[in-house]
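Below is one structure, written out as structure tokens; the observations come after it.
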Amino acid sequence: MFCASVAYPLDAEGFDFDYFRTRHAPMFAELLGENCVRFEVHRGLATPGAPPPPFVAAAYFWVTSAEAFGATLGEHAATVYSDIANFSQTQPVRGWAEVS
């Protein structure tokens with residue numbers, strides 16, 4: 001199992017969390033198809049007595065095949081990346097991890 005992540009920094013310009021949560025992340029999960037086992041969208045929150053959140057928002061996509069993930073991203077990159085302008089003027093930090 002693998003997890004692809006995207007996180008938007010606290011100073012992300014023009015960030016629209018509702019669009020990210022209701023349109024962008026679900027659209028990407030749908031493009032991933034059956035390879036996407038699950039996905040989550042997190043909103044960073046400030047909590048008294050805790051360190052500041054490291055991001056304004058993040059999304060995590062659990063997939064079973066790295067190859068299928070790469071193929072989907074290659075096929076739909078223009079759609080996925082052009083949609084970012086609909087909710088942020090800041091590019092995310094991207095991550096890839098193996099889930100044990």
Query raised in the report: Points 7 angstrom from Cα along the Cβ direction at Asp18 and Phe2: gap in nanometres?
Result: 3.5 nm
Query raised in the report: Out of every Cα pair in region 1-52, what percent are spaced more than 15 Å from each other?
Result: 57 percent
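Place a +1 charge on the Cβ of each Lys and Arg in the chain and a -1 charge on the Cβ of each Asp and Glu, then give the dipole magnitude about the Cα centre in debye, rounded to the nearest 20. Display every interim value, and only then the final one.
Numbers: 5 positive and 11 negative charges, 44 e Å.
Dipole about the Cα centre, nearest 20: 200 debye.
For the chain, what does -39500 (n - 2.57) per DSSP helix run (n ≥ 4), summed and divided by total residues, give at 222 nm, in deg cm²/dmol to the nearest 500?
So the calculated ellipticity at 222 nm is -8000 deg cm²/dmol.
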Requested in this report: Convert each backbone phi in region 30-38 into a coupling constant with the Karplus relation 6.51 cos²θ - 1.76 cosθ + 1.60 (shift: θ = phi - 60°), then list the ³J(HN,Hα) values in order as whole Hz, x for Gly and Pro.
Outcome: 5, 4, 5, x, 5, 5, 7, 6, 6
Report task. Could you let me know the centre-to-centre spacing of region 71-100 and region 6-33, using Cα atoms, in angstrom? Result -> 9 Å
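Compute the Cα gyration tensor for the chain, then decide on rounded, prolate or oblate, letting a ≥ b ≥ c be the square roots of its eigenvalues: rounded whenever a/c is under 1.5, prolate when a/b is larger than b/c in the other cases, and oblate in all that remain. Walk me through the intermediate numbers first.
Details: a/c = 2.19, a/b = 1.39, b/c = 1.57.
The shape class here is oblate.
In Å², what does the accessible area per residue of the chain work out to with a 1.4 Å probe?
Working: 5900 Å² over 100 residues.
Result: 59 Å² per residue.
Can you give me the % of accessible surface on the chain that is carbon or sulfur? Probe 1.4 Å, all protein chains present, nothing else counted. Could you put the intermediate results ahead of the total?
Working: 3250 of 5900 Å².
Of all accessible area on the chain, carbon and sulfur atoms account for 55 percent.
The values are calculated or read from the model by the stated rules, or taken from the named source; none is laboratory data. Quantities reported herein were computed from a predicted structural model and do not represent experimental measurements. Here Cβ is always computed from backbone atoms with ideal geometry, including for glycine, and neighbour counts include all displayed protein chains. These area figures cover heavy atoms from the full protein model, side chains too; ligands, DNA and RNA do not enter into them. Shrake-Rupley method; radii C 1.70, N 1.55, O 1.52, S 1.80 Å.
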